[in-house]
Amino acid sequence: MNFNEKCKILSHEDSAPGYRTLVFSAPQIAAAVAPGQFVHVKVPRLDAAALRRPFSVFDADAEAGTLTLLYKIVGKGTEALAKESVGAEVEVIGPLGFGFPVQCNGVPLLVGGGYGVAPLYFLAKRMLKTGVEEKPILFVGGRTKDDLLAVDMFRNLGIEVRTATNDGSEGAKGFVTEPLDDELIKLRESGKRFELFTCGPDGLLKAVAHRALGTGSKGWISMDSHMICGVGACFACIQKLKRPNGEIWNARCCVNGPVFKAEEIVW
Ligand SMILES: Cc1cc2nc3c(=O)[nH]c(=O)nc-3n(C[C@H](O)[C@H](O)[C@H](O)COP(=O)(O)OP(=O)(O)OC[C@H]3O[C@@H](n4cnc5c(N)ncnc54)[C@H](O)[C@@H]3O)c2cc1C
Ligand code: FES
């Protein structure tokens, strides 16, 4: 079930250059949302016919009735959203789609790129709250250190964080798959099981899905698709999937995803 709420902005701050964190009051959505689900935001002061914009839930507090988003300013919609102040009202539909499983067989390896850490933070919190056998480990990558988001927040949860940047400004120089591969070798040597959970740019998603398939582990991939309606009506967000019998079908990321199993995605 989803809700259409008029949400008052409670706080709206820069989190890193070009990124903002938005907290608003959304009691119904906050009580119902699961990690990896998203909300569809009607950005105020955009043309009335403008499309809503989809954002993952970065955090939700059912008791306080609040929802938090972490977003990157990339275009018209996010630029307009960034200008909204505390006290303004925003129309939000959610929770939408299917998210990540919160249970995990073995070590949860969370792999995020840029704002892809948003749903992984909510997932990590829920995993720790519901009691997974092993603590998650976060692998986070970005072009520069400014794209490594919420790292301290993960560390404050007691989660080990491994970072990588393309320019070497923080952590390993190169792709985040390098520290991930080091960990996969260690886990294989110790005979420990693990599952991969990822959100970020397409190249990262594909690389993580490839490692899940290559190691015979479960991989949960959050696809970042362009969306229009967000509720299954327009077919703008088609993702080809493969059934166990090999049959290919067109899934809609907004209602069948955005999280899919690594083995079902046709790249
Ligand atoms: C399920 C889901 C969850 C998302 N969660 C987050 C989140 O937590 N934080 C966040 O910052 N963004 C998130 N996004 C992406 C976000 O929806 C887009 O960045 C936003 O809609 C862009 O709106 P705009 O009007 O500012 O940009 P536009 O003017 O529409 O586009 C500007 C640029 O951004 C690109 N862009 C637009 N939509 C996407 C997209 N879906 N993925 C990648 N590039 C895009 C365009 O190709 C263009 O280059 C999510 C998208 C989906 C589908
Ligand atoms: S965005 Fe319209 S069907 Fe998915």
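No lab work stands behind these numbers, since they all come straight from the coordinates. Quick caveat: nothing in here was measured; it's all calculated off a predicted structure. Note that we place each Cβ from the backbone using ideal geometry, even for glycine, and neighbour counts take in every protein chain shown.
A few comments on the model shown:
- Across region 216-237, the qualifying residues are those that are more than 10 Å from ligand 1 (Cβ to nearest atom) and within 25 Å of V102 (Cα to Cα), and the one among them that is surrounded by the fewest Cβ atoms within 10 Å (Cβ to Cβ) is G216.
- Tallying residues that are hydrophobic (A, V, I, L, M, F, W, C), away from ligand 1 (no atom under 16 Å from the Cβ), free of Cβ contacts under 8 Å to residues at least 60 places away in the same chain and closer than 17 Å to L205 by Cβ within region 243-267 yields 1.
- Scanning region 140-161 for residues that are part of a loop (DSSP other than H, G, I, E, B) and of a type in the set (V, I, T) returns T144, I159.
- Residues of region 42-86 that are more than 16 Å from ligand 2 (Cβ to nearest atom), among the basic types (K, R) and closer than 20 Å to K8 by Cβ: R45, K83.
- Test: residue in region 181-194 that is within 17 Å of Y121 (Cα to Cα) and either surrounded by 14 or more Cβ atoms within 10 Å (Cβ to Cβ) or touching a helix residue (DSSP H, G or I) at 6+ places or on another chain (Cβ under 7 Å) (or both): no
- Residue identified as farther than 25 Å from P108 by Cβ, in contact with a strand residue (DSSP E or B) (Cβ under 9 Å, 6 or more places away or on another chain) and β-branched (V, I, T) among I221, I248: I248
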